[in-house]
Amino acid sequence: MRTDYCGLIDGRYLGQTVTIKGWAHRRRDHGGVIFIDLRDREGLVQVVFDPDIPEAFAIADATRNEYVLEITGEVRARPEGTTNAKMITGQIEILAKSITVLNQAATPPFQIDDENLSENVRLTNRVIDLRRPVMQKNMRLRYRVAMLIRNYLDGLGFIDIETPMLTRSTPEGARDYLVPSRVHDGQFFALPQSPQLFKQLLMVAGFDRYYQIVKCFRDEDLRADRQPEFTQIDIETSFLNEDEIMDITESMAKHVFKEAIGVELGDFPRMAYDDAMRLYGSDKPDLRVSLQFTELTDLMKTEEFKVFRGAADMENGRVVGLRIPGGASISRKEIDDYTKFVAIYGAKGLAYIKVNDVTNLSNGEGSGLQSPIVKNLSEACLQEIITRTGATTGDLIFFGADKEKVVNEAIGALRLKVGHEKGEAAGYFTRGWKPLWVVDFPMFERDDDAGRWNACHHPFTSPKVEHIEFLKSDPGKCKARAYDMVLNGWEMGGGSVRIHRADMQSTVFEALGIGEEEAQNKFGFLLDNLQFGAPPHGGLAFGLDRLVTLMTGAESIRDVIAFPKTQRAQCLLTNAPNEVDEKQLRELHIRLRNTQQANLA
């Protein structure tokens, strides 16, 4: 029987005979003495094989990396000068008395301590990849975070209730994973994108406080850091308003960060959505970067410079400035690189002004402003730009001018890139943790192509009481009782107070262009049950994958998921998705279209 894990053998065991089991991490032959570092989930311990025990020595000599071993030996102090204070086992070693090979191993595709591996190699050989200490650490932290959340919510009277994995398709059906029914010809289940409606129904059923750590599924377009299946920490509660729900979940986040990684998150300021978009061009601003947008749209409506004037006059157009303190030292090559960067987000260019002398703001020869665009702007305009941005000698101002969406995304991404690359030395980037709540989201967003309104969060979000009048007269003015928790530029969780009255839900459906018949067909089970005394209720859902990624500092959420999919939604380990045989398709009443022949026809 194993005495303890390899990584936990320490000075407590000095002089004792112990039995350990694990994998041969590394084998070294030092002048007739063999050393094997044995590894398990808790870490490494050094084992010494002396030729005086020939049978054990011979087996150790034949051992290779990743062999599974059982070793019995005596714990002794390491010789002076060979200790390792960074390891729990760094003060001791085990003098082996016997060794048993529990299983041999083929040569692994890479060394466990190799840090320069491509992601495809890692995902194809994920089982071996998961043996690496960093992955073991990530997965154990994920487990600890989940347990801390469970214990916290249990302590507040929340009940863990499972909701169905097989349900009906949602209005966003194009993003559903469909599951054909064998016994109901031509009909399909859908895997849930969220337990949204079921958790609301649990509130109607009177459970008052529900939570679930649940798998959700979304067949999204290919995105760099999204997964087709992801894990959600789902929370719903009755009889609480948005402030009370935010207080509970904020306290939970603080508790989990402190207990899991020893981080004090501090205060969570609240920022209105409109302010976030105005100042940062994002509804999840990274407040570690202090750079802010300066609004210039109104100013450019009187200028003749076509690039800025055209954007200022267009419907939903925007012109902003982004002041970079000390940015005049940024080279032309760097500016060209930044121009290429914003093009990724649809920007057609990147105008700039270097402020070499703030006391000389003319647009003529010898001006203290250096830029190809200075001659196209009036001196009054240049003065106002400097005044609004607060720029001074040695600064640089970048400009964005286009549709509001393009400006927000392009200059918002530039703000982060410059902030992270240049800001720490210049004082406009601060390491650490910057949480906040973003509140007062719009209830709807306009889809001009479809000629209709769409729900910004989901159609079950309650409007702010003072904005109910806009549901029929001007939906674009309506604000929602919705809130997002943001940390370092990542949306950690989002939620809202829900609609709990059937008549209000019907009014919102009407604003979204969902008629009575369609609403009853798609959501009749919800509307019917809202009539039976549904309590006021609301909640929030956290992304567990994102939460743990933030805590570990991992480069991708794939580094905190045991068996993730690639950016192309494939599992390289199992080669999924894959084809199925004709018999299975016939039983499911499915016939595949030959797309190649269809295209030729």
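The values are calculated or read from the model by the stated rules, or taken from the named source; none is laboratory data. Note that the coordinates shown come from a computational prediction; the quantities given were computed from them, not determined experimentally. Cβ sites come from the backbone with ideal geometry, for glycine too, and all protein chains shown count toward neighbours.
Against the conditions (1) assigned to a helix (DSSP H, G or I); (2) without any contact (Cβ under 8 Å) to a residue 24 or more places away in the chain; (3) not assigned by the TED database to the domain that holds I261, V127 satisfies every one except (2). Screening E250 against (1) touching a Leu at 6+ places or on another chain (Cβ under 8 Å); (2) under 30 Å from S496 (Cα atoms) leaves a single unmet condition, (1). Within the range 521-578, the set of residues being among the charged types (D, E, K, R), without any contact (Cβ under 8 Å) to a residue 40 or more places away in the chain and part of a loop (DSSP other than H, G, I, E, B) comprises E555 only.
Restricting attention to the range 174-204, which residues are more than 18 Å from H589 (Cβ to Cβ) and exposed (fewer than 14 other Cβ atoms within 10 Å of the Cβ)? Correct list: A174 only.
Here the range 424-462 is the region considered, the condition is being part of a strand (DSSP E or B) and among the acidic types (D, E), and the residue that is nearest to R498 (Cα to Cα) is E445. Scanning the range 252-266 for residues that are over 20 Å from the mean Cα position of the chain (by Cα) and either assigned to a helix (DSSP H, G or I) or in contact (Cβ under 8 Å) with a residue 24 or more places away in the chain (or both) yields E259, G266.
Total residues in the range 1-37 satisfying the condition of being of a type in the set (A, V, I, L, M, F, W, C) and either touching a Pro at 6+ places or on another chain (Cβ under 6 Å) or part of a loop (DSSP other than H, G, I, E, B) (or both): the figure is 3. Figure legend. Inter-residue proximity from the range 494-520: first residues closer than 18 Å to S473 by Cβ and surrounded by 13 or more Cβ atoms within 10 Å (Cβ to Cβ), second residues among the small types (G, A, S) and at pLDDT below 95, beta-carbon distance below 7 Å, spacing 6+ or different chains. Indicated pairs: S506/A519; F509/A519; L512/A455.
Table: residues versus (1) surrounded by fewer than 19 Cβ atoms within 10 Å (Cβ to Cβ); (2) outside the structural domain of G349 (by the TED database); (3) in contact with a Leu (Cβ under 9 Å, 6 or more places away or on another chain); (4) within 24 Å of T393 (Cα to Cα).
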{"residue": "Y280", "(1), (2), (3), (4)": "no, yes, yes, yes"}
{"residue": "L296", "(1), (2), (3), (4)": "no, no, no, yes"}
{"residue": "L299", "(1), (2), (3), (4)": "no, no, no, yes"}
{"residue": "V307", "(1), (2), (3), (4)": "yes, no, no, no"}
{"residue": "A312", "(1), (2), (3), (4)": "no, no, yes, no"}
{"residue": "N316", "(1), (2), (3), (4)": "yes, no, no, no"}
{"residue": "L322", "(1), (2), (3), (4)": "no, no, yes, yes"}
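Anything in the range 267-306 that is aliphatic (A, V, I, L, M) and part of a loop (DSSP other than H, G, I, E, B)? List them, or say none. L287, L291, L296, listed by residue number.
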